[in-house]
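> To start, I am sharing the structure in question, which I have written as structure tokens.
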Amino acid sequence: MNLSRAAPRTIQASPASIAAAAACLQAGRLVAFPTETVYGLGADATNDAAVAAIYAAKDRPRFNPLIVHVASLEHAARYAVVNAQAADLAASFWPGPLTMVLPRLEGCALSRLVSGGLPSVAVRVPAHDTALRLIQASGLPIAAPSANRSGRLSPTKPAHVAAEFGEEVAMILAAGRCEIGLESTVVDLTGERPHILRHGGLDRDALRAILGEVAEGAGHEGAPRSPGMLDKHYAPVTTLRINATTIEAEEAFLGFGPDIGLGLGAAARMNLSADGDLTEAAANLFAMLHQLDAEGHAGIAVAPVPDIGLGLAINDRLRRAAIR
Ligand code: TXA
Ligand code: MG
């Protein structure tokens, strides 16, 4: 957190503020903006210096490539080789929480830094009015990782972004809380078989319905392992334990499902979803971890979350957050 520097300006999204944000992007500056998944830290994806400024602001390892946000499949096709599978997925899930890793179109206008040196590029059409208007108003493909410092929790509210960055971000376009609250699903279509590199807001079964069998997990032949699969990631500052059914002294408890008395006596108790609804839990995950982290407890104990549907992505984030 940059307590020594002024937080960036937060401005409610409107036609005027979106036009101002578009001008900032065109001038090579960084703008944080809402998407349906999490807030993104955006820059002109064709401008190396602007893209470098993202890595700098995030303290992100250079090799971790960025997602390029575009307005449509046609827009994506200016930068990436769109095959039949990609077109099918786009028809079903764009705009939406699906990122496709595709071969970079040779000679395209994108900064190479966006791809972190890989011959591929990750593209996504976000399902958020403000994000789409920003892409359109700027006339640019927008490179945007989640608007958090590297290895920290992803932001689902404007205040989360404001707490992480200083003057290196020109402005934060605010539009309340992100509906999905979990990053997009990343699927690699550059290899022989589609491969899920990161579980996220789009359910694996939805992908299977279009693609048939999809591989997942690390290290299949011919496709790069997603650098975003770095082991320690998405970590709060406070020590975190997963699959907790008991509580230790001074720990906060983050529950899931109906209250059956787990975590009684904890320093604080929150519940990802009292109804056991994984979509609600995903939407609450980062905000609740942010809050418990900020409260400065001795530790955070998280109840077991079932490994099905969005639970896969939630557990993936939790496992990384628990690594010390
Ligand atoms: O929901 C989201 O995806 C958000 C919003 C802002 O769109 N963005 C986001 O970006 O989560 P980021 O940078 O935090 O995560 C991008 C993921 C990383 O795991 C990265 O390694 C992977 O996508 N990725 C990007 N380009 C890639 C490429 N060319 N090959 C393999 N993996 C790639
Ligand atoms: Mg991220």
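> Could you please state, rounded to a whole Å, how far the C-alpha centre of segment 115-135 is from the C-alpha centre of segment 11-48?
12 Å
> With the contact rule set at Cα under 8 Å and sequence spacing of 6 or more, what percent relative contact order holds for the chain?
Once divided by the residue count of the chain, the mean separation gives 20 percent.
> Which net charge results for the neighbourhood of residue 257, defined as the other residues with beta-carbon distances under 12 angstrom from its beta-carbon, given Lys and Arg at +1 and Asp and Glu at -1?
-4
> Please identify the DSSP H helices in the chain that span no less than 18 Å along the helix axis (Cα) and have a mean Kyte-Doolittle hydropathy of -1.0 or more.
Flagged H segments are 278-294.
> What ranking, highest mean first, results for peptides 138-147, 259-268 when packing means the other Cβ atoms within 10 Å averaged over each residue?
Sorting 138-147, 259-268 by mean packing, highest first, produces 138-147, 259-268.
> Hey, can you grab everything whose amide H is under 5 Å from the amide H of residue 40? Only 5+ residues off in sequence or another chain; H modelled, so Pro and N-termini drop out.
Placed amide hydrogens put 33, 35, 147 under 5 Å from residue 40.
> Considering the Cα positions of segment 98-145, please state its Rg to one decimal place and its Dmax as a whole number of Å.
11.5, 31
> On to the next question. Please report, for the Cα atoms of the chain, the Rg to one decimal and the Dmax as a whole number; what are they, in angstrom?
19.2, 61
> With θ set to phi - 60°, apply the Karplus curve 6.51 cos²θ - 1.76 cosθ + 1.60 along segment 113-126 and write out the HN-Hα couplings as whole Hz, x wherever there is a Gly or Pro.
Going residue by residue, I get 4, 4, 8, x, x, 7, x, 10, 9, 9, 10, 7, 9, x Hz, with x marking Gly and Pro.
No value in this document is a laboratory result; all are computed from the given coordinates. Nothing here was measured: the structure is a model prediction, and the numbers come from that model. Cβ coordinates were reconstructed from backbone atoms using ideal geometry, including for glycine residues, and neighbour counts include every protein chain displayed.
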